[in-house]
Every structure is written in C-alpha cells, then in structure tokens.
Amino acid sequence: MLDPDSQEQRPIEQIFDILTSFPSDALEYVDESLPAPRRNQRATMAQMAQRFARTHTEPMGVRFPLNFPDIPTRAPDNGVPSFLSSTSCTLLQDLLRAQLDVDEARICTCAAPPPPRCGHAISKRQFAALTTAWIYWQGGTTMLSEAGTVTAPHWDQYGLSTWISCLEGEIGLAWLVRPKNPEEHMRWLSDPGRPTARWAFKVLRPGDALYMPSGTVHFVFRRPSGGQTLGYSEHLVRRRHLVGWLRVVGLTLGREDVDLEGYGLVLPPLMRQVRVLVKAVKAQGLEEMYGGKERLGEALKLVGQVEKAIKSVFASWRSLPSHFLHAISLA
Ligand SMILES: [Zn+2]
Ligand SMILES: [Zn+2]
C-alpha cells in the first residue's frame, strides 16, 4: 500500500523501496537526445532511484526528459480498483495461465511441423514468449517518467484494454474519439506524427484513473510543469468484450509496423485457448458470461480469421490484404 499523504516519503520513493530490493536485470531504455550509437541505455533500479530522488525540475532544454519502459510490479492496493480482479476482467490472465500450465513433455522441441500438428501443446519459443507476457500481465506495471515527455500515438500491444492510474505528478492522456468504422480507426496511421482526427484529453492527477478499451488510439504526455510522474497500469480483456478484442487483434495484424515476431509467438497459443474456452463455455451453458451464444460464435469466426492472417503474414512476410480490414467491421 502506497501512502500518498506520507510526510516522509513521496510515492515514487516508496515504490523504489520495493523495486530496489530485487537485484533484477538493469532497465533498458532509449535516450533520444544521445547520438545514435549511445541511445540504448541501461540503468539499475538503484541508479533509477537516484535519478528520481532529484525532485527539482530542470529548465526545459537542459536535459532531455525520459519516459522509462513499464516495470512489472505487483499492484499497490490503492493503485487498482477491486473490480479489476473480478472474474469479468481476468480473461487474459486465465487464457495465459491455461497455456502455461502444461507438462514439460508437452512443450515442443521438434523442428517442424509446429504444434499442435506434431502432437505437442506449445512450442518452446511460444512458451518463453508467454512466460514474459505473464510477468507483465499477471500483476500490472509501474510507469515512471520525468516531466515533459510525450509518447507517439499508438494502441496498446496485442490490442489489449488498459487501466491506468496516477499516483504522483500529472499524467496527460489524449485519445482518439471513438472511431465510426475501421477506416476511421486506421486513418491516424497515415501520418502518425501529426494525426488529424478528433482527440479528447484528460490530465490525471494522484487519485485519478482511466480505462481504455481495446484499440483506443492514444498518446501519453507529461506536462513540463507537472513534475516526475508515477503511474500504474494493467492490461486486461473483459470477458464480455472478447469479440471487441479479437477485432482489434485483426486490425493490428493489418498494420505494417506490427512486431511480427512477438505477435507470431504470443497470439497463436492465445487463439488456441480461446477455441478451448468457447467449447467448454458452451458445454457448461455459461455463454451469458461472454455476452451470449451469438457473440461466442462471432469470436470463433474471428479466431479463425486471426489464425489465417498470422499464417499469411508469416508466409508472405508482407502486410495483410486490404480485404481483411473490411472483413472485420467495428460496427
Ligand atoms: Zn512438436
Ligand atoms: Zn499506451
């Protein structure tokens, strides 16, 4: 539990008391202000703690402000509402857990063909990729940034929904107002640096939080005068939003900048598990938890399209044919 009103320690100092207790690997981050060969930097948690111990704001332009990568952390009690751990919000964790809960003998080391055709449950590389995903998704992440940073517009990896709360400083979030159709949803990609569309924004202050459903195009900015910021975020898929998530996964696969390797490792086992899930849900008559029979039928159809898309992307190593975008309507 972080104490936001503590007179002795700021929330950022409190979180570092936890983070610096583990001799984990150094945090890798990018400092765009450095010449190209030196941009990729590393810092231990102790070095990070030192950097954030300086609370004064340097005048703009003296030093390039840094936004650090998310750090997997167990949620502080007051960083997340209790409904996030309710059954309706734990689908992603359940899918992941089911795929990772596999006997060692079922992990494939064959060269070809890939699982499940060879009889194994999951490939070794998929298992490793899911393990990394689990570290980030089972308990959420700490977000640390200096004042004055801004991210590029994006939607979150694998089309996941995101909960974000502010524990210190001022975290600005701008998001694309709900697009009417897939074309409008994807238009910002034509000029991601200057996306002309309808945007809304909100500055989160300690105690504020925001939920972004799958595929929300957004960017995060820290006000130059807003001080260092500490946020907490968790990725999720709501059980009743399974179809919406799968649609966004499909749209993601249509993008040229998609991290094909990561998607090719993480998505196939998750899609296999959705198939298993739908079968079990039908057998148990639990369709209502997922929005009803029709939605589950649609989910299976989308799983088929996503699997086909992954195969074709890998086979041709090119982006998807445009008809894929039209096949998955956002209506
Ligand atoms: Zn095998
Ligand atoms: Zn994001």
Open item on the list: Any residue at all in segment 236-245 that's modelled with pLDDT under 95 and within 16 Å of ligand 2 (Cβ to nearest atom)?
Closed with: no
If we keep only residues of segment 114-128 that are surrounded by fewer than 17 Cβ atoms within 10 Å (Cβ to Cβ) and under 22 Å from the mean Cα position of the chain (by Cα), then the residue farthest from ligand 2 (Cβ to nearest atom) is 125
Reported set for segment 150-182 where residues are within 20 Å of residue 13 (Cα to Cα) and either within 16 Å of ligand 2 (Cβ to nearest atom) or surrounded by fewer than 22 Cβ atoms within 10 Å (Cβ to Cβ) (or both) is 164, 165, 166, 170, 171
In segment 1-28, anything at pLDDT 85 or above and open to solvent by 30 Å² or more (accessible area, probe 1.4 Å) is listed as 8, 9, 10, 13, 17, 18, 20, 28
Q) Does segment 119-131 contain at least one residue that is within 12 Å of ligand 1 (Cβ to nearest atom), β-branched (Val, Ile, Thr) and touching a Phe, Trp or Tyr at 6+ places or on another chain (Cβ under 7 Å)? A) no
Evaluate the following for residue 147: is it surrounded by fewer than 20 Cβ atoms within 10 Å (Cβ to Cβ), in contact with a Pro (Cβ under 7 Å, 6 or more places away or on another chain) and modelled with pLDDT of 90 or more? yes
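The values are calculated or read from the model by the stated rules, or taken from the named source; none is laboratory data. None of the values given here were measured: they were computed from a predicted structure. When we count neighbours, we look across all protein chains shown, and the Cβ atoms used for this are built from the backbone with ideal geometry, even at glycine. Note: areas computed on protein heavy atoms with side chains; ligands, DNA, RNA excluded. Shrake-Rupley method; radii C 1.70, N 1.55, O 1.52, S 1.80 Å.
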